[in-house]
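Read the structure below first, then the notes.
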Amino acid sequence: MKSVDIIIPVYNEEEALPGSIATLDLFLRENVRNTCTITIADNGSTDKTAAIAGELAKKYPEVRLVHLDQKGRGHALYKTLLESQADIVGYMDVDLSTDLKAFPLLIAAIEGDYDISIGSRLLPESRVVRSPKREFVSRVYNLMVRVMFFTGFHDAQCGFKAIKREVAQKLVPLVENKNWFFDTELLLLAQKGGYSIKELPVEWAEDPGTTVHVGKTAWEDIKGLLRMRFHPSRGLGKLKKSHIKGG
């Protein structure tokens with residue numbers, strides 16, 4: 001049976017982290033047969049997050065801490081996705097906004113020979129609770145992704161994904177963005193390379209205490225789309241030359 005590493009990127013999450021790790025640990029033990037590791041990727045926190053994560057690593061044998069001095073969610077994912085030795089590497093947001101009952105389905109899709117599996121808030125079967133503003137921004141952004149790149153997936157941004165380790169080793173080094181556009185760029189590279197992507201409906205509830213700045217994040221994502229569309233990255237060029245195919 002394939003081993004699984006779940007990465008949780010965190011920045012100043014001293015309050016949310018203990019409860020989220022306890023919830024995730026219990027869920028994995030009761031619902032996932034695979035051998036699992038939980039990697040807390042602390043990307044430059046200035047509060048007690050790193051210290052708390054260290055204590056959690058002592059309390060839970062399957063929890064480990066990776067600390068980065070540099071801030072940026074993409075930096076945390078870049079480092080931990082490449083360093084993981086698990087057969088399947090997944091990641092999710094620390095607030096557990098996505099209902100964990102979909103996680104075994106993410107793993108099953110990879111074990112069923114998909115290269116990448118992703119949660120989607122924009123499929124008809126998905127159940128989502130979030131503000132009208134965030135709903136509008138998300139739908140407009142993902143429509144842009146589909147129109148500009150003719151993608152087969154609907155939701156590029158949901159922080160609930162899993163990927164084969166060997167696929168991560170090929171794609172992650174080609175991702176240029178080290179912040180919020182990381183997710184979208186990874187999926188666009190995967191599609192360009194011919195990798196198979198399984199999209200799954202999820203139940204998702206917005207965290208009322210989120211510190212994510214919607215406008216700033218959306219602008220960064222749009223700039224990322226324009227870069228990849230009109231100034232093809234070195235990653236896209238390498239994929240085209242090597243004719244990488246997957247699943």
Taking only Cα atoms, what is the 0 to 90° angle, nearest 10, from helix 182-192's long axis to the longest principal axis of the chain? 50 degrees
Please enumerate, by chain and number, the aspartates and glutamates with C-alpha under 13 Å from the C-alpha of K48, excluding those fewer than 8 residues away in the same chain. E13, E14, E15
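Sorted by accessible area (1.4 Å probe), largest first, how do Y114, Y78 line up? Working shown, then result.
Working: Y114 85, Y78 55 Å².
Solvent-accessible surface, decreasing: Y114, Y78.
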Filtered hits (aspartates and glutamates, Cα-Cα < 20 Å from K198, offset >= 8 within chain) -> D5, D87, D93, D99, E111, D113, D115, E125, D155, E166, D183, E185
For the full complex of protein chains and a 1.4 angstrom probe, list W180, W219, W204 by accessible area with the highest value first. W219, W180, W204
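Roughly what % antiparallel, to the nearest 5, for the DSSP beta bridges in the chain? Don't jump to the answer; show the numbers that get you there.
Details: 9 of 34 bridges.
Around 25 percent antiparallel, to the nearest 5.
Name the trypsin sites (Lys or Arg not before Pro) in the range 19-122 that are in a loop by DSSP and that have at most 11 other C-beta atoms within 10 Å, would you?
On the way: sites: R29, R33, K48, K58, K59, R64, K71, R73, K79, K101, R121; in loops: R33, K48, K71, R121.
Counting only loop positions with at most 11 other Cβ atoms within 10 Å, the trypsin sites (Lys or Arg not before Pro) in the range 19-122 are R33.
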Between the Cα axis of helix 49-59 and the main Cα principal axis of the chain, the angle (0 to 90°, nearest 10) is 60 degrees
For semi-axes √(5λ) of the Cα gyration tensor in Å, which listed value, (i) 48, 17, 14; (ii) 26, 21, 18; (iii) 41, 23, 20, comes from the coordinates shown? (ii)
Degrees between helix 73-83 axis and first principal axis of the chain (Cα, 0 to 90, nearest 10): 80 degrees
Karplus couplings for the range 138-147 from phi (6.51 cos²θ - 1.76 cosθ + 1.60, θ = phi - 60°), rounded to Hz, Gly and Pro as x? 4, 5, 5, 4, 5, 5, 4, 4, 5, 6
Note: L123 to E166 extended length (0.36 nm per residue) minus current alpha-carbon separation gives 12.7 nm
Theoretical ellipticity at 222 nm over the chain - DSSP helices of four or more residues, -39500 (n - 2.57) apiece, nearest 500: -13500 deg cm²/dmol
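In nm, what is the difference between 0.36 nm times the number of residues separating D207 and S3 and their Cα-Cα distance? Display every interim value, and only then the final one.
On the way: separation 204, 0.36 × 204 = 73.44 nm, distance 2.96 nm.
Answer, rounded to one decimal: 70.5 nm.
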Using a 1.4 angstrom probe on the protein heavy atoms only, line up I116, I52 by accessible area, largest first. I52, I116
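The values are calculated or read from the model by the stated rules, or taken from the named source; none is laboratory data. Here the structure is a predicted model, which is why all the values come from computation and not from measurement. Methodologically, a virtual Cβ is constructed for each residue, glycine included, from the backbone with ideal geometry; neighbour enumeration extends over all protein chains shown. Surface accessibility is based on the protein's heavy atoms, side chains included, excluding ligands, DNA and RNA. Shrake-Rupley method; radii C 1.70, N 1.55, O 1.52, S 1.80 Å.
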